[in-house]
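Enquirer: So that we are looking at the same thing, I have put the structure below in structure tokens.
The values are calculated or read from the model by the stated rules, or taken from the named source; none is laboratory data. The shown structure was predicted, so the numbers you read here are calculated from the model rather than taken from an experiment. Please note: Cβ atoms are built from the backbone with ideal geometry, for glycine as well, and neighbour counts cover all protein chains shown. All accessible areas refer to the heavy atoms of the entire protein, side chains included, with ligands and DNA or RNA removed. Shrake-Rupley method; radii C 1.70, N 1.55, O 1.52, S 1.80 Å.
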Amino acid sequence: MDKQRTFFYGFIVGFVLLILPIPHFFFWRDVTDIVEAIFRYSGFVLMVVCGIPLIFDVFRNFIK
């Protein structure tokens, strides 16, 4: 159960990082593009890495 909770929290954090809007400041124009790309990719990777084991656990418990 603790493993599922950890994966669920990782999935939620990944989803939030994926959709989180980054405010654009005029003096950070180039930096915000890089930070936004890092947030999007890390959020996607975290969501996939934590989501796949969750799906397998749900299917395994559903089949039982």
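Enquirer: What are the radius of gyration and Dmax of the chain, computed over its Cα atoms and given in Å?
Expert: In Å, with Rg to one decimal and Dmax whole: 15.6, 57.
Enquirer: Pop out the carbon and sulfur fraction of the accessible area of the chain as a percent, whole number, probe 1.4 Å.
Expert: Carbon and sulfur atoms account for 77 percent of the accessible area of the chain.
Enquirer: Pick from V16, V45, V35 the residue whose mean-square fluctuation is largest in a GNM of the chain, springs joining Cα atoms under 10 Å.
Expert: V35
Enquirer: Here's another thing I want to ask about it. How far is helix 29-63 tilted, in degrees, relative to the longest principal axis of the Cα atoms in the chain, given as a value from 0 to 90 rounded to the nearest 10?
Expert: 10
Enquirer: Would you look at the GNM of the chain, springs on alpha carbons closer than 10 Å, and say which of V49, V13, V31 moves the most?
Expert: Of V49, V13, V31, the most mobile in the Gaussian network model is V31.
Enquirer: Please identify which residues in region 1-45 have an amide N closer than 15 Å to a label point set 7 Å out from the Cα of K64, following the Cα→Cβ vector.
Expert: Correct set: 1-5.
Enquirer: Mind checking the angle between helix 2-19 and the chain's longest principal axis? C-alpha axes, 0 to 90 degrees, to the nearest 10.
Expert: The answer is roughly 30 degrees.
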